[in-house]
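K.L.:
Quick one: this structure, given as structure tokens, is what I'll be asking you about.
Where a number appears in this text, it was derived from the coordinates with a stated rule and is not lab data. Bear in mind that the values here come from a model prediction, so they are computed numbers and not experimental data. Cβ placement follows ideal geometry from the backbone for every residue including glycine, while neighbour counts extend to all protein chains displayed.
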Amino acid sequence: MISVQFGKCQSWLVLASRSVAAAALCFVFGFSARAQDVSGGRWIDLTHPFNAETVYWPTAKTFEKETVFAGHTDGGYYYTAFNFAAAEHGGTHLDAPIHFAEGALTADQLPVDQLIGPGIVIDVTQPAAEDVDYLVKPSDIEAHERAHGRIPEGAIVLINTGRARLYPDREKYMGTAERGQEAVAKLHFPGLSKEGAELLITRDIGAVGIDTPSIDYGQSKTFDAHVTLMTRNIPAFENVADMSELPTVGATIIALPMKIEGGSGGPLRIIAHLPGG
């Protein structure tokens, strides 16, 4: 049996079989004595695919895919290969702390224990449906804690605004389909308030994710949530896919980005595991 410990969440990954496909994988978090066996249960992919429709900031380079070869070779075997190019920040992606904090952690420096942890879903779908520029407030977080208990140390906090269902329609999802600097002023979508970010910091969380193009709301000029979180080396996950099947608490989140050396972010594959038979 191989046991690997992950930092502040006090997590262990246990492989009980030589076959990875058949391995019993257990995450034991310090906040709970219960082991989560991920050899069973259910997996949910919270990642939008990368393609020509992938949503990027109006000023960012979009995703490009080039075919190098696709077909049967002279050697008689089938072979495919592609090149791709894109900005770090687009689609489902990581914002590393260096993105908004000088000297903070880069994408490759983030500890794995900040990217794997208990999933906490803050549901603001109703107020976000009523106000496209809704800011998640401390009261939203405190209401969650009254109902479900204090957010545990090392948690991956996901903000569900309900807007993932609008992806990848740029007009509906982010307020404009236009490109270029002038389009930035036309962005409208919910985000996290500075005060909400400050409260989450006191919970010693691992990371924050949201189902919009930015952890700050579309009309932000000062990006307070980014600055507040990232000066404390807390990364953000943006354009997270549909969270409607996630429980409010009880899931395990695994969010592993492309490991770009010195990067301010990068494409992210984020998944959730739900325990059960």
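K.L.:
Do any chymotrypsin sites (Phe, Trp or Tyr not before Pro) in segment 34-91 lie in a loop, going by DSSP, with at most 13 other beta-carbon atoms within 10 Å of their beta carbon, and if so which?
P.N.:
Details: sites: 43, 50, 56, 63, 69, 77, 78, 79, 82, 84; in loops: 50, 63, 77.
Answer in residue order: 77.
K.L.:
Follow-up question, since we're still on this one. As an exercise, use a Förster radius of 35 Å and the Cβ-Cβ distance of residue 43 and residue 126 to find the FRET efficiency, rounded to the nearest 0.05.
P.N.:
Details: r = 28 Å, r/R0 = 0.79.
Rounded to the nearest 0.05, the efficiency is 0.80.
K.L.:
Here is a follow-up. Which lysines does residue 194 reach when only Cα atoms under 24 Å apart count, and residues fewer than 8 places away in its own chain are ignored?
P.N.:
By straight Cα distance, residue 194 reaches 137, 186, 221.
K.L.:
Moving on to the next point. Would you please give the residues with an amide H less than 5 Å from that of residue 269, counting only those at least 5 places away or on a separate chain, with H modeled from the backbone geometry?
P.N.:
Long-range HN contacts for residue 269: 256, 258.
K.L.:
Let me ask something else about it. Show me, for segment 224-236, the HN-Hα J-couplings you get by feeding each phi into the Karplus relation (A = 6.51, B = -1.76, C = 1.60, θ = phi - 60°), rounded to Hz, glycine and proline as x.
P.N.:
So the J values, rounded to whole Hz, are 4, 5, 4, 4, 4, 6, 7, 5, 9, 6, 9, x, 10.
K.L.:
Which cross-chain or sequence-distant (5 or more) residues have an amide H under 5 Å from the amide H of residue 251, H modelled 1.01 Å from N in plane?
P.N.:
It is 119, by chain and number.
K.L.:
Compute the signed sum of charges (Lys and Arg +1, Asp and Glu -1) over the other residues within less than 13 Å, Cβ to Cβ, of residue 168. Could you put the intermediate results ahead of the total?
P.N.:
Working: positive: 163, 165, 170, 172; negative: 53, 169, 171, 211, 242.
Net local charge, residue 168 excluded: -1.
K.L.:
Can you work out the Karplus-derived ³J(HN,Hα) for every residue in segment 114-121? Use 6.51 cos²θ - 1.76 cosθ + 1.60 with θ = phi - 60°, whole Hz, and x for glycine or proline.
P.N.:
Once rounded to whole Hz, the list reads 7, 10, 10, x, x, x, 10, 10.
K.L.:
Here's a follow-up. What share of the DSSP beta bridges in the chain is antiparallel, in percent to the nearest 5? Walk me through the intermediate numbers first.
P.N.:
On the way: 37 of 50 bridges.
Of the beta bridges lying entirely in the chain, close to 75 percent run antiparallel.
K.L.:
How large is ³J(HN,Hα) for each residue in segment 145-158, as worked out from phi by the Karplus curve 6.51 cos²θ - 1.76 cosθ + 1.60 (θ = phi - 60°), to whole Hz, x for Gly and Pro?
P.N.:
Per-residue couplings from phi come out as 5, 4, 7, 10, x, 4, 4, x, 4, x, 5, 9, 8, 10 Hz.
K.L.:
Moving to a separate point now. Treating only the Cβ of Lys, Arg, Asp and Glu as charged (+1, +1, -1, -1), what charge dipole size does the chain show about its Cα centre? Round to the nearest 20 debye. Show your work: numbers first, answer last.
P.N.:
On the way: 21 positive and 33 negative charges, 114 e Å.
So the dipole magnitude of the chain works out to roughly 540 debye.
K.L.:
In nm, what is the difference between 0.36 nm times the number of residues separating residue 52 and residue 179 and their Cα-Cα distance?
P.N.:
Working: separation 127, 0.36 × 127 = 45.72 nm, distance 1.45 nm.
Result for the pair: 44.3 nm of gain on full extension.
K.L.:
Which net charge results when you count Lys and Arg as +1 and Asp and Glu as -1 among the other residues whose beta-carbon is under 11 Å from that of residue 89?
P.N.:
Details: positive: 61; negative: 88, 95, 238.
After counting each charged neighbour, the total is -2.
K.L.:
Let me ask something else about it. Which residues make up the longest stretch of the chain that has no GluC sites (Glu not before Pro) in a DSSP loop with at most 11 other Cβ atoms within 10 Å?
P.N.:
On the way: sites that count: 102, 245, 261.
My reading of the result: 103-244 is the longest stretch.
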